[in-house]
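K.L.:
The following block contains the structure, expressed as structure tokens.
Where a number appears in this text, it was derived from the coordinates with a stated rule and is not lab data. This structure is a prediction, so every number in the text was calculated from the model and none was measured. Reconstructed Cβ throughout: ideal geometry from the backbone, glycine too, with neighbour counts over all protein chains shown.
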Amino acid sequence: MRMLGKLWRDNKSLVAFLFLMVLFRSAVADWNVVPSGSMLPTIREGDRILVDKMAYDLRVPLTHIAIAHLHDPQRGDIVTIDSSAAHELIVKRLIGLPGDSVAMRENVLYVNGVRADYQSLKLKPLPGDATSPGDYLTERFDGVAHSVRLAPQAPSPRDSFGPVIVPPGEYLMLGDNRDDSADSRYFGFFPRKELMGRTRRVAYSLDPDHYYAPRFERFGAPLDSTASAVASR
């Protein structure tokens, strides 16, 4: 008992720091690893993204219990979702708000009957291009601009759907890598309670194809910066 007491006295500051860090990452902000390429070119494999856990709701730490709704999710947000349908934490783009009519025709998006605009985006080859060359575009609709990747040589069997009406309290999400993303086309609409946070920036990035070497050019990089620059021209 004396030894345990001494250990506590010697390390209580460290224990308190670790406890507060766990609470902070649970309820305020966190960083998440992105293991797949479903959000290419916006988020690269190996990126660690910063997640604002208070972007939409204030939750009891270490739970999904919302104490207060702070803000409504907005079209174009990049959202972390603790999906009961996917059985994992996923990252997708918010496309359809409650009440929206959303359709897709051969990867061309229509929101509330209005066709999205597309502009070619020149990017260096990214992971996945070796096996399935990608076309990169800026997609603009309803004041939102972001990059998307299409794979003309390996199109998704779900590149067309709808129109569908997004139910109250739920959201339609798509991956930016349209031909290689398991999203609302597979899992259906995502309820508000599963939206855990919003990300707008990379924390740091490690390249899985080169022994996890740091990609310093992506440290702190804002997401959607390329598409915003194209859209502003």
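K.L.:
How would the range 99-192 be classified by its alpha-carbon gyration tensor: rounded, prolate or oblate, with rounded meaning a/c under 1.5 and the a/b versus b/c comparison settling the rest?
P.N.:
Working: a/c = 2.09, a/b = 1.58, b/c = 1.32.
Since a/c reaches 1.5 and a/b is larger than b/c, the shape of the range 99-192 is classed as prolate.
K.L.:
If you don't mind, there's one more thing I want to ask. Give, rounded to the nearest 20 debye, the magnitude of the charge dipole that the range 29-136 has about its Cα centre when Lys and Arg contribute +1 at Cβ and Asp and Glu contribute -1 at Cβ. Intermediate results must be reported in sequence, preceding the final value.
P.N.:
Working: 11 positive and 14 negative charges, 38 e Å.
Roughly 180 debye, rounded to the nearest 20.
K.L.:
Follow-up. Starting from the Cα of Ile165, step 7 Å along the direction of its Cβ; do the same at Gln74; then give the gap between the two resulting points in nm.
P.N.:
2.7 nm
K.L.:
If you don't mind, another one. Please report how many Lys pairs in the range 2-231 have alpha carbons closer than 29 angstrom, counting only residues at least 8 apart along the chain or sitting on separate chains.
P.N.:
Working: Lys12/Lys53; Lys53/Lys92; Lys53/Lys193; Lys92/Lys122; Lys92/Lys124; Lys92/Lys193.
Final tally of qualifying lysine pairs is 6.
K.L.:
Assuming 0.36 nm per residue, please report the length gained on full extension of the stretch Lys122 to Ser101 beyond their Cα-Cα distance. Can you show the working numbers first?
P.N.:
Values: separation 21, 0.36 × 21 = 7.56 nm, distance 3.07 nm.
Between Lys122 and Ser101, full extension yields an extra 4.5 nm.
K.L.:
What is the order of Phe190, Phe141, Phe216, fewest Cβ neighbours within 10 Å to most? Write out the running numbers ahead of the final one.
P.N.:
On the way: Phe190 26, Phe141 19, Phe216 10.
Neighbour counts put them in this order, fewest first: Phe216, Phe141, Phe190.
K.L.:
What does the charge count near Phe187 come to, summing +1 for each Lys or Arg and -1 for each Asp or Glu among other residues with Cβ under 13 Å from its Cβ?
P.N.:
Details: positive: Lys92, Arg158, Arg185; negative: Asp82, Glu88, Glu170, Asp183, Glu194.
Net local charge, Phe187 excluded: -2.
K.L.:
Got a sec to turn the phi values of the range 125-135 into Karplus ³J(HN,Hα) couplings, 6.51 cos²θ - 1.76 cosθ + 1.60 with θ = phi - 60°, whole Hz, x for Gly and Pro?
P.N.:
Working through the residues one at a time gives x, 10, x, x, 6, 5, 8, 8, x, x, 9 Hz.
K.L.:
Additional query: Tell me, Ser156, Ser84, Ser120, Ser147 in order of fewest to most beta-carbon neighbours within 10 Å? Write down the numbers at each step before the final one.
P.N.:
On the way: Ser156 18, Ser84 12, Ser120 9, Ser147 23.
Arranged by neighbour count, lowest to highest, Ser156, Ser84, Ser120, Ser147 become Ser120, Ser84, Ser156, Ser147.
K.L.:
Could you line up Ser13, Ser38, Ser184, Ser101 from fewest to most neighbouring Cβ atoms inside 10 Å?
P.N.:
By the 10 Å Cβ count, ascending: Ser13, Ser101, Ser38, Ser184.
K.L.:
Using R₀ = 30 Å, calculate the FRET efficiency as 1/(1 + (r/R₀)^6) where r is the Cβ-Cβ separation of Ile67 and Arg201; round to 0.05.
P.N.:
Values: r = 26 Å, r/R0 = 0.85.
The calculated FRET efficiency here is 0.70.
K.L.:
A further question on this structure: Full extension from Val60 to Asp82: what is 0.36 nm times the residue separation minus their Cα-Cα distance, to one decimal in nm? Intermediate values should be presented prior to the final figure.
P.N.:
Values: separation 22, 0.36 × 22 = 7.92 nm, distance 1.56 nm.
Between Val60 and Asp82, full extension yields 6.4 nm more.
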